[in-house]
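Dropping the structure in here first, questions after.
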Amino acid sequence: YALTRLDATDSFAVARVDTGSFSEKDIVAKITFDDRPSAMNRQKRLFAEQVQTFVNDARSSRYTDITGGLLQAVEFLNEKKPARKTVLIFSDLKEDLEAGYVRDIEFDLQGFDVIALNVTKLRSENVDPREYLARLDQWQSKVEKSGGNWRVINDLDGLDGLL
C-alpha cells in the first residue's frame, strides 16, 4: 500500500525489530525514488521483491527492541531530510530487551508522525484488556513527550491520506 502512495524523490525504508535494532544491519530495504516514472516503477518492483524475500525468510527474535528500531528510523529520516517524516510500526508494541541493553533515553521526534499499525493483542489481554490499553498509552506518552504525533491504526484502510 505504501509503495503505491509514494512519489518521485520520496525516500522509504523497511527495517526489522529484533534483539538490538539500533543498527544499520536491520534495514531490510531502503530507497529514494527516481524522478523518472519508468525508473521509479522498476525501483518499486525491486523494493517490493526485497521486502517479500525478507518476509519469506524472516525468523523470530528472542527479544524486541522497539526503541532501538524507532531510533534507527529517526536517524534514517533525519539524514534524508524529507518534508514529512512518518514512521510506521508493525508490532504488538511489547518491548522485551536482552539484559544489558539500555533504552531509557530521550527521543527528539519534533516533526515526526509515528503510526502503530495493526497492533497485535497478546493472549493475556483477552483476560485483561487494560494491559493492551496501558501499552498503547505508554508509547503514546513516550512519542508525544518527545514532540512527535502518535496514532494507532488497526484498519489499514485508515492509512489513506497519511502517506
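The values are calculated or read from the model by the stated rules, or taken from the named source; none is laboratory data. Note that this is a predicted model, so its numbers are computed, not measured. Cβ placement follows ideal geometry from the backbone for every residue including glycine, while neighbour counts extend to all protein chains displayed.
Any residue in segment 84-107 that's more than 18 Å from residue 153 (Cβ to Cβ) and modelled with pLDDT of 90 or more: show its pairings with residues that are aliphatic (A, V, I, L, M) and part of a strand (DSSP E or B) at Cβ separation under 8 Å, as long as the two are six or more apart or on different chains.
Close Cβ pairs satisfying both conditions: none exist.
Run down 39, 8, 48 and say which single residue is of a type outside the set (Asp, Glu), assigned to a helix (DSSP H, G or I), more than 19 Å from the chain's Cα centre (by Cα) and surrounded by 12 or more Cβ atoms within 10 Å (Cβ to Cβ). Walk me through it before giving the result.
On the way: 8 fails: assigned to a helix (DSSP H, G or I); 48 fails: more than 19 Å from the chain's Cα centre (by Cα).
It is 39.
Within segment 66-83, take every residue that is of a type outside the set (S, T, N, Q), over 13 Å from residue 13 (Cα atoms) and at pLDDT 90 or above and give me the one that is surrounded by the most Cβ atoms within 10 Å (Cβ to Cβ). Outline the logic, then answer.
Residues of segment 66-83 of a type outside the set (S, T, N, Q): 66, 68-71, 73-77, 79-83.
So of that shortlist, the ones also over 13 Å from residue 13 (Cα atoms) come out as 66, 68, 71, 81, 83.
Now drop any that are not at pLDDT 90 or above, which leaves 66, 68, 71, 81.
Numbers: 66: 21, 68: 24, 71: 17, 81: 8.
That would be 68.
Still on this structure, I have one more. Checking the condition small (Gly, Ala, Ser) and either in contact (Cβ under 8 Å) with a residue 60 or more places away in the chain or buried (at least 18 other Cβ atoms within 10 Å of the Cβ) (or both), which residue from 21, 61 passes?
Answer to the selection: 21.
If we only count strands (runs of 3 or more DSSP E) wholly inside segment 64-163, which ones have 1 or more residues that are within 19 Å of residue 26 (Cα to Cα) and of a type in the set (Ser, Thr, Tyr)?
85-90
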